[in-house]
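The values are calculated or read from the model by the stated rules, or taken from the named source; none is laboratory data. Keep in mind that what you see is a predicted model, and the values were worked out from it rather than measured. Note that each Cβ is placed from the backbone with ideal geometry, even for glycine, and that neighbours are counted across all protein chains shown.
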Amino acid sequence: MKNHSQMVWRCLLAITMWPFAAADAANLGGIVQISAGSNHTCALSGSGSVYCWGNNIHGNTGVAGVGAVFIATKVTAANDFIQVSAGEGHTCALRKAGTVSCWGYNEHGEAGDGQTAKISPAVTVSGLTNVTAISAGRYHTCALTRDSRAFCWGENVQGQVGDSDETVEPKPRAVAGLENVTAIAAGGYHTCALNAGKVFCWGNNRNSQLGAGEVSGRKPVELPGVVDVRKLVVGTFHNCFLDSKAVATCWGSNREGQLGDGSQEDSRAPKVVTGISNIIAIAAGTYHTCVTSADLTQCWGSNRYGQLGNGAKSNVNTAPVKVANVGRLKDLAAGSFHTCGLSEEGNVHCWGGNRHGQLGNGTQGDSLVAATVRE
């Protein structure tokens, strides 16, 4: 009886994890924006549709009944989306009307509908309108509204919601003491925002990711000495920005060399990434960072799953390495152990860890070089 029970359990698990794929899959095209969660990836098409692939154990990809989705799959029949953002186990998408829909893991209230449940179908974020941008972190989500106010919801044990509290917030809460926000980005357990070219961060500061010493992170604190930020990206434990000269600067955790300064020491002071100029796009993952400039895409940091895309698995904490099989990309997205890039033609290319199908190429094997996403 014991052996029979084990066999039944294994069969059920195999059915649950069976990859959702098609034999005649073609390259995914017409994409205008991408977002990488921890182990899943999503993309927005020019027609307003959302596609996702990868880990689906919590319904992250919006596909019902399977534990993994190995090719890009349309989430809903709706085509009124203008942005998508993937978190740890959940995904949110912004609609043209200014409302936000979220689905997937919701045990910490990250879906924003006022509930806390392990898995949530697509729901509308409660009481939030006139939204212009969204960002999904590990277990929390943030949004920017038309009047330049920032709102966050979900897990808040590290103060990442920014409402001066540390309790779970299943509905949007205004970030305390911060106005005239122009961009917002949610990380692992912290959040950062832009205000007139200045950076403000709140939440976990264990790895100096707030950039302000040992300060408590329940309220936004300003990153000292920074006044010219044009684009901000937030990873799990580190952050980077591009200034008006298209130069990259990073700070926070440097455990695997993701700051690109040749060391493995955390830094609360922003450090310029030397040797790379005219950067078009930048992405910060868990322990790695990537940029694209001119006809070249480069990465540095952790590479144990091939997330640097240079055909190897050795970490890089000195000079950035070139990603193979791609040149200039107009957008980048980094997950925990994988990276994706969007080409000028609207195709998506991914590389790195692929245990959950997050590369979207129809397989479950890691790829040390860029591979094209299929649908």
If you go through E214, E107, the only one that is surrounded by fewer than 24 Cβ atoms within 10 Å (Cβ to Cβ), acidic (D, E) and in contact with a Phe, Trp or Tyr (Cβ under 9 Å, 6 or more places away or on another chain) is E107
Answer yes or no as to whether H349 is in contact with a Gly (Cβ under 9 Å, 6 or more places away or on another chain), assigned to a loop (DSSP other than H, G, I, E, B) and crowded, with 23+ Cβ neighbours inside 10 Å.
-> no
Of the residues in segment 305-324 that are over 16 Å from L342 (Cα atoms) and within 19 Å of the chain's Cα centre (by Cα), the one that is surrounded by the fewest Cβ atoms within 10 Å (Cβ to Cβ) is Y305
Among G159, G187, the single one that is surrounded by 18 or more Cβ atoms within 10 Å (Cβ to Cβ) and under 24 Å from T61 (Cβ atoms) is G187
The correct count of residues that are without any contact (Cβ under 8 Å) to a residue 24 or more places away in the chain and either within 24 Å of G87 (Cα to Cα) or of a type outside the set (S, T, N, Q) (or both) in segment 309-342 is 1
Condition set of a type in the set (G, A, S) and outside any strand (DSSP E or B), scope segment 118-153, selection nearest to the chain's Cα centre (by Cα): answer is G137
Matching residues in segment 27-69 (within 19 Å of G341 (Cβ to Cβ) and of a type in the set (A, V, I, L, M, F, W, C)) number 11
Here, strands (runs of 3 or more DSSP E) confined to segment 27-90 with at least 3 residues that are in contact (Cβ under 8 Å) with a residue 60 or more places away in the chain and crowded, with 24+ Cβ neighbours inside 10 Å are 31-36, 40-45, 50-55, 68-74
The correct count of residues that are under 14 Å from L368 (Cβ atoms) and under 18 Å from the mean Cα position of the chain (by Cα) in segment 325-345 is 3
Across (1) under 20 Å from I134 (Cα atoms); (2) touching an Asp or Glu at 6+ places or on another chain (Cβ under 7 Å); (3) not aromatic (F, W, Y), K231 clears everything bar (2)
Query raised in the report: Somewhere in segment 218-228, is a residue touching a residue at least 40 places away in the same chain (Cβ under 8 Å), surrounded by fewer than 22 Cβ atoms within 10 Å (Cβ to Cβ) and either assigned to a strand (DSSP E or B) or touching a His at 6+ places or on another chain (Cβ under 7 Å) (or both)?
Result: no
request  = Output yes when any residue across segment 325-344 is modelled with pLDDT of 95 or more, surrounded by fewer than 24 Cβ atoms within 10 Å (Cβ to Cβ), over 26 Å from S135 (Cβ atoms) and of a type in the set (A, V, I, L, M, F, W, C), and no when none is.
outcome  = no
Within segment 240-264, residues of a type in the set (D, E) and not in a loop (DSSP other than H, G, I, E, B) come out as D243
Within segment 265-276, the residues that are within 16 Å of Q209 (Cα to Cα) and either assigned to a strand (DSSP E or B) or in contact (Cβ under 8 Å) with a residue 40 or more places away in the chain (or both) are D266, S267, R268, A269, P270, K271, V272
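For the structure I just gave you, tell me whether A294 is free of Cβ contacts under 8 Å to residues at least 60 places away in the same chain and within 22 Å of I34 (Cα to Cα).
The answer is yes for A294.
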Closer than 18 Å to Q158 by Cα and part of a strand (DSSP E or B), is that true of W300?
no
Within segment 190-211, the count of residues that are free of Cβ contacts under 8 Å to residues at least 40 places away in the same chain and either surrounded by 24 or more Cβ atoms within 10 Å (Cβ to Cβ) or charged (D, E, K, R) (or both) comes to 4
Conditions (1) under 16 Å from the mean Cα position of the chain (by Cα); (2) within 24 Å of Y189 (Cα to Cα); (3) in contact (Cβ under 8 Å) with a residue 60 or more places away in the chain -> V348 fails only (2)
Counting only strands (runs of 3 or more DSSP E) wholly inside segment 163-205, the ones holding at least 1 residues that are in contact with a strand residue (DSSP E or B) (Cβ under 8 Å, 6 or more places away or on another chain) and among the β-branched types (V, I, T) are 183-186, 190-195, 198-203
Checked A26, A36, A86 against criteria (under 20 Å from H356 (Cα atoms), in contact with a Lys or Arg (Cβ under 9 Å, 6 or more places away or on another chain) and at pLDDT 95 or above); the one match is A26
